[in-house]
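A short write-up of the structure that comes next.
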Amino acid sequence: MRCMPPLSSLLGPPLALAAACAHDAPAPPGGLATAFDTIDGVVHVTNTGTPPPAHLVPVVSIGPKTLADTGSPDEFGGVNSVALGPDGEVYVADARNFEVRVFGLDGAHRRTFGQRGEGPGEFETLSSLAWAGDRLLTYDIMLGRVGQWSAQGEWLGSWRTRGMITGGGGLVRLYLVGPDELYRYAMGSSVEGPLGTSTLQALFLGLNSRGETGDTLVQLEEPPDAPSSFILCQWGEGFITGFGVPFAPSVVQHPGPDGVVYSATTNDYRIAVTRSGGTDTVRVIHRPLPTEPIGDDEWEEGNREYNEWRAENSGASCEPRAPSRPAAKPILSGLHIAPDGRLWVEVERTDGDLWEVFDPDGRLIASVPRTSGMFRAAPAFDASDHLLTVRQDSLGLDHVDLWRLQWEDSR
């Protein structure tokens with residue numbers, strides 16, 4: 001019998017979890033063990049040990065080989081988003097060229113559609129794209145619309161959204177969570193921020209291949225008592241400058257199928273699956289990993305820019321006044337949901353970052369190395385163990401890489 005101590009609130013009081021005693025057999029050395037326990041209606045899933053050997057097999061890399069490859073379709077101006085189509089083709093959002101470029105799994109260019117403008121089939125900002133059912137959806141956050149396309153690039157119409165939002169490729173994008181289920185980033189009512197500033201509440205709004213579904217999920221915020229992950233300084237005549245706190249924990253989250261949100265703080269490998277704005281927790285996925293200390297030199301280098309700026313602007317008012325050193329480095333850096341319901345977790349380790357993959361019930365099924373520099377834009381997945389990533393090479397050129405997750409036993 002293994003007794004777990006009370007779990008502290010993951011993202012603030014709404015996610016406080018009860019103490020538990022889970023009955024499970026100890027894992028053999030290096031072996032994978034998954035324990036399930038239900039407490040007050042919440043399923044707790046704890047994964048220990050090492051999963052069966054697996055690795056990412058490169059399928060194709062799309063991008064220029066040299067700076068001399070000017071004008072070719074695989075010379076991208078700037079990739080904001082990628083998607084895998086149901087027909088086995090790779091769709092690339094080239095934001096600087098305002099085009100969608102389509103490639104086969106052999107890397108050959110198939111077609112290109114879209115251009116800059118405000119009319120049908122045009123983009124002011126090609127922020128994100130994703131497949132929903134039999135349609136490709138594109139998100140233009142400046143024009144404020146979601147466009148619909150056929151696989152061949154035929155414009156099928158659009159839906160209006162709030163426009164003039166800045167960002168793209170990161171938080172402000174489309175989030176695919178099922179074969180015909182996705183969410184888009186949106187903004188709600190105004191809420192008070194640090195130093196009396198005002199910000200808009202962040203939301204996920206549901207979509208499918210035929211329009212908005214009416215599902216609205218609230219993006220969760222950091223607990224009010226959490227150490228600040230950034231410093232805001234007021235100086236001069238109302239100017240504000242911000243600095244990130246190195247290694248500070250933050251909230252990572254991703255909408256999931258059927259109206260749930262997956263969320264965690266980056267310093268704790270404990271992922272909550274919640275409904276109703278975080279007030280209803282249905283599952284907690286725990287993966288115990290040792291913490292890693294922050295070196296003195298790392299901390300000093302991480303704060304060098306802020307300290308130099310502060311020395312030159314001694315009259316500035318900053319909140320907080322100085323960065324608070326976290327107890328350890330973050331463990332997580334991102335959560336992603338594949339159309340088949342699998343959870344892909346970005347894990348940060350000093351000896352090499354990992355992808356860890358869980359099935360829809362929270363069982364760990366794979367742990368594989370992450371290729372460095374693969375996050376120029378959000379990754380994309382399909383329902384057959386494929387992963388699309390975007391990286392930037394030493395020449396500053398964007399490349400789109402397609403991988404296949406493979407177990408050594410050819411599972």
With n ≥ 4 as the cut-off for DSSP H runs, can you work out [θ] at 222 nm for the chain, using -39500 (n - 2.57) per run divided by the number of residues, rounded to the nearest 500? -1000 deg cm²/dmol
Using a 7 Å offset from the Cα along the Cα-to-Cβ direction at both Ala383 and Leu67, what is the distance between the two label points in nm, to one decimal? 4.5
Euclidean distance between Cα centres, the stretch 47-64 to the stretch 229-289, Å: 26
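At a Förster radius of 56 Å, what calculated FRET efficiency corresponds to the Cβ-Cβ distance of Ala322 and Val59, to the nearest 0.05? Show your work: numbers first, answer last.
Working: r = 48 Å, r/R0 = 0.85.
Once rounded, the FRET efficiency stands at 0.70.
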Dipole of the chain, positive end: most advanced residue of Pro320, Trp403, Pro224 [Cβ charges, Cα centre]: Pro224
Between Arg363 and Glu154, what is the label-to-label distance in nm when each label sits 7 Å out along the Cα-to-Cβ direction? 4.3
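With +1 on each Lys and Arg Cβ and -1 on each Asp and Glu Cβ, and nothing else charged, work out how big the dipole of the chain is about its Cα centre, in Debye to the nearest 20. Can you show the working numbers first?
Working: 31 positive and 54 negative charges, 90 e Å.
Roughly 440 debye for the chain.
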Taking the Cα-to-Cβ direction at Glu237 and at Trp299 and moving 7 Å from each Cα, how far apart do the two end points lie in nm? 4.0
If the chain between Thr50 and Arg404 were fully stretched, how many nm would it gain, using 0.36 nm times the residue separation less the Cα-Cα distance? 125.4 nm
Kindly rank 210-223, 128-141 from highest to lowest mean number of other beta carbons found within 10 Å of each residue. 128-141, 210-223
What is the Cα convex hull volume of the stretch 122-165 when expressed per residue in Å³? 62
Over the chain, with a Gaussian network built from C-alpha contacts below 10 Å, which listed residue (Ser127, Ser317, Ser81) shows the highest mean-square fluctuation? Ser317
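Could you report the stretch 57-123's accessible area per residue, 1.4 Å probe, as an integer in Å²?
Values: 2960 Å² over 67 residues.
Accessible area per residue: 44 Å².
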Normalising by the residue count of the chain, find the relative contact order in percent from Cα pairs under 8 Å and 6+ residues apart. 17
Rank-order 170-182, 389-401 by packing density, defined as the average count of other C-beta atoms within 10 Å over each peptide's residues, highest first. 170-182, 389-401
What part of the accessible area of the chain, given as a whole %, is carbon or sulfur when the probe is 1.4 angstrom? 50
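The values are calculated or read from the model by the stated rules, or taken from the named source; none is laboratory data. For clarity, every value in this text was computed on a predicted model and none was experimentally measured. Virtual Cβ from ideal backbone geometry, glycine too; neighbours counted across all protein chains shown. Note: accessible area is taken over every heavy atom of the protein model, side chains too, but ligands, DNA and RNA are not part of it. Shrake-Rupley method; radii C 1.70, N 1.55, O 1.52, S 1.80 Å.
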